[in-house]
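Everything on this sheet refers to the single structure shown next.
The values are calculated or read from the model by the stated rules, or taken from the named source; none is laboratory data. The structure presented is a predicted model; accordingly, all values stated were derived computationally and were not measured. Backbone-built Cβ (ideal geometry, glycine too); neighbour counts: all protein chains shown. We work out accessible area using only protein heavy atoms, side chains counted, and drop any ligands, DNA or RNA first. Shrake-Rupley method; radii C 1.70, N 1.55, O 1.52, S 1.80 Å.
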Amino acid sequence: AQDSLSNLIAGFVLLNDPDLKVGDDIEILGQSGTLVDLGLRSSQIRAYDRSLITIPNKLLSENVLLNISRMDKRRVLFSLRLPLTADNADLELIKVKVTDYLRTRDQVDPQDIYCNLDAITDSGIDLYVRFFVLDPSWAVMMEEKKLFLEFLWELLLSRKLAEPQKGLRIELVGNELWGTGPDGTPQKADLPGTFPEI
């Protein structure tokens with residue numbers, strides 16, 4: 001009875017909350033989607049995978065709720081891994097071209113664009129790209145993201161930086177370890193010790 005009463009009171013509070021209404025995209029308790037029903041005892045969220053989530057109003061009112069629909073702009077983040085063969089000229093050109101492209105987009109905030117070196121690892125050079133889309137709607141953000149990726153792919157192709165990294169492939173043949181050399185030909189691994197025959 002106490003939980004029912006708490007949910008009912010929370011329902012009245014939520015129904016009168018001007019910052020929350022049916023149709024808002026929200027995120028709460030690790031769940032995100034569109035608020036489709038705001039009832040007296042519980043509310044329902046249509047998740048982005050189209051499942052229906054029912055949340056007691058007490059939980060909805062007591063926990064931190066992110067109202068995505070009330071954002072004034074939407075953040076887009078990318079971590080771009082370039083091959084280790086990329087040189088300083090490649091890095092500088094990509095940073096300039098990415099920034100210039102984003103500044104031409106009407107839906108991108110020109111004051112909040114960031115593109116810079118993030119890390120150098122054994123498998124590549126990471127660039128971090130962040131920008132904000134001025135219209136917070138999902139459709140506009142996804143369209144800007146798609147157009148940016150198309151631009152980025154063409155830029156990487158033009159600099160010959162879009163080729164996939166070759167993975168290491170090893171195989172145990174008898175009791176010898178074989179792999180692929182830099183030129184693609186089979187090569188015996190020069191390791192101390194022997195391996196049991198399979």
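Of all the strands (runs of 3 or more DSSP E) wholly in region 35-87, which have at least 2 residues that are modelled with pLDDT under 90 and closer than 30 Å to residue 106 by Cα?
Filter on region 35-87 gives 74-82.
Pull up region 137-148, narrow it to residues that are open to solvent by 80 Å² or more (accessible area, probe 1.4 Å) and modelled with pLDDT of 90 or more, then point me to the one that is farthest from the chain's Cα centre (by Cα).
143
For residue 45, work out the one condition from (1) without any contact (Cβ under 8 Å) to a residue 40 or more places away in the chain; (2) within 20 Å of residue 16 (Cβ to Cβ); (3) open to solvent by 70 Å² or more (accessible area, probe 1.4 Å) it doesn't fulfil.
Of everything listed in (1) without any contact (Cβ under 8 Å) to a residue 40 or more places away in the chain; (2) within 20 Å of residue 16 (Cβ to Cβ); (3) open to solvent by 70 Å² or more (accessible area, probe 1.4 Å), residue 45 misses just condition (3).
Scan region 7-21 residue by residue and report those that are touching a Lys or Arg at 6+ places or on another chain (Cβ under 9 Å) and open to solvent by 30 Å² or more (accessible area, probe 1.4 Å).
Matches in region 7-21: 8, 9, 19.
What are the residues in region 55-108 that are without any contact (Cβ under 8 Å) to a residue 12 or more places away in the chain and of a type in the set (A, V, I, L, M, F, W, C), if any?
Within region 55-108, 89, 96 qualify.
Please find, within region 88-110, the residue that is farthest from residue 156 (Cα to Cα) out of those that are assigned to a helix (DSSP H, G or I) and of a type in the set (S, T, N, Q).
Taking region 88-110 first, the residues assigned to a helix (DSSP H, G or I) are 88-104.
Subset that is of a type in the set (S, T, N, Q): 88, 99, 104.
Working: 88: 14, 99: 15, 104: 19 Å.
That would be 104.
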